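What follows draws every value from the coordinates through simple rules; no lab data is involved. Treat the numbers as computed from the prediction; the structure is a model and nothing was measured. Heads up, the Cβs are rebuilt from the backbone with ideal geometry, glycines too, and the neighbour counts pull from every protein chain shown.
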Amino acid sequence: MNQAVTEDRRAKRESDKLAKRLRRQVGQAIEDFKMIEPGDRVMVALSGGKDSYAMLEILRSLQAAAPVDFELFAVNLDQKQPGFPEHVLPDYLRSIDMPFEILEQDTYSVVTRVIPEGKTYCSLCSRLRRGALYTYAAEQGFTKIALGHHMDDMVETLFLNLFHGGRMASMPPKLKSDKGDHVVIRPLAYCREKDLARYATDKAFPIIPCNLCGTQDNLQRVAIKQMLQQWDRLSPGRVETIFKAMGNIALSQLADRSLFDFASLRIDGQEPTTADDRWLVGGSS
Ligand code: SF4
């Protein structure tokens, strides 16, 4: 057998293995967090990036094999960035026979008007995008909104909040909005970005880069990404371990008084004190 054929077969085997692993991880996340239930109408937010294409493809393949009935519907927001290739997503979605809607909202003009030159657009841009997508989901009665964030995004966000926000918080795999009218799910929560990148290459998705507006990425996030990439090289598995810790919180071993009642801790049988506690706020001197 010639060497090129052997190489092709090996690459195909690797690619099948990766697709199977990603499907298993997505299926596990959906099950662990009860992300999708029978009768759900799931709006899949598509940006045109590798992660959301991968999410859609994997959800479709799970839907085809799932024992429960649920609906998938793809939605993209055309934010009117200059040069946005409007035909790419509709062409792709039609080619795979996927029901979809392309929403149009000129958030680009808003962002470029409001944000001073030289500052990063991304935070306001994605907030406006989220607003438009959530409004559409509520109008159309979708019961879940699927976003393509993966494990690396979630760990990065944890460190962003730790380093720059002084809080331990990240992006949860499943989130109910404050008003109670949206449930957001992140089916890629157990997937690594490098696997999704390889999957996207294998599948030759028609990627639309998310830098059409020419802005710089958030520098703090870039620094954290680099830190995690370095850890990945030096200590493989560390990102997975950090992610595991996000699901294994020992509240009594931290210091959040609103989540754990440290004030009531005393030895068994000891009565709560009614004594003057002015010293707690620095004494009365
Ligand atoms: S790169 Fe451009 S399109 Fe993407 S989030 Fe930032 S501002 Fe928005």
- [ ] Six or more apart or on different chains, Cβ under 8 Å: which pairs go from a residue in region 74-95 that's touching a residue at least 24 places away in the same chain (Cβ under 8 Å) and at negative phi to one that's of a type in the set (Val, Ile, Thr) and assigned to a helix (DSSP H, G or I)? Could you list them?
- [x] 77/107; 79/107
- [ ] Check region 118-125 and report whether any residue there is free of Cβ contacts under 8 Å to residues at least 12 places away in the same chain and surrounded by fewer than 18 Cβ atoms within 10 Å (Cβ to Cβ).
- [x] yes
- [ ] Answer yes or no: is there a residue in region 56-67 that is farther than 13 Å from residue 191 by Cβ, surrounded by fewer than 19 Cβ atoms within 10 Å (Cβ to Cβ) and among the polar types (S, T, N, Q).
- [x] yes
TODO: Take region 97-110 and flag every residue that is within 14 Å of residue 60 (Cα to Cα) and more than 24 Å from the chain's Cα centre (by Cα).
DONE: 97
- [ ] Spot the failing condition for residue 114; the list is (1) within 16 Å of the ligand (Cβ to nearest atom); (2) surrounded by 14 or more Cβ atoms within 10 Å (Cβ to Cβ), and only one is missed.
- [x] (2)
Task: Of all residues in region 24-48 being within 29 Å of residue 85 (Cβ to Cβ) and away from the ligand (no atom under 16 Å from the Cβ), the one that is surrounded by the fewest Cβ atoms within 10 Å (Cβ to Cβ) - done: 41
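The rows are residues; the columns are (1) away from the ligand (no atom under 16 Å from the Cβ); (2) crowded, with 20+ Cβ neighbours inside 10 Å; (3) under 19 Å from residue 152 (Cβ atoms).
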{"site": "168", "(1), (2), (3)": "yes, no, yes"}
{"site": "172", "(1), (2), (3)": "yes, no, yes"}
{"site": "177", "(1), (2), (3)": "yes, no, no"}
{"site": "187", "(1), (2), (3)": "yes, yes, yes"}
{"site": "190", "(1), (2), (3)": "yes, yes, yes"}
{"site": "194", "(1), (2), (3)": "yes, no, yes"}
{"site": "197", "(1), (2), (3)": "yes, no, yes"}
{"site": "202", "(1), (2), (3)": "yes, no, yes"}
{"site": "207", "(1), (2), (3)": "no, no, yes"}
Open item on the list: Out of the residues in region 100-111 meeting the condition of being more than 8 Å from the ligand (Cβ to nearest atom) and hydrophobic (A, V, I, L, M, F, W, C), tell me which one is nearest to residue 48 (Cα to Cα).
Closed with: 102
Open item on the list: Checking residue 92 against (1) more than 22 Å from residue 135 (Cβ to Cβ); (2) within 16 Å of the ligand (Cβ to nearest atom); (3) crowded, with 18+ Cβ neighbours inside 10 Å: exactly one of these is not met. Which one?
Closed with: (2)
- [ ] Identify the single condition in (1) within 16 Å of the ligand (Cβ to nearest atom); (2) out of contact with any His (no Cβ under 7 Å at 6 or more places or on another chain) that residue 65 does not satisfy, given that it satisfies every other one.
- [x] (1)
Open item on the list: Six or more apart or on different chains, Cβ atoms under 8 Å: show the pairs whose first residue is in region 15-43 and in contact (Cβ under 8 Å) with a residue 24 or more places away in the chain and closer than 16 Å to residue 145 by Cβ and whose second is assigned to a helix (DSSP H, G or I) and among the small types (Gly, Ala, Ser).
Closed with: 35/29; 43/137
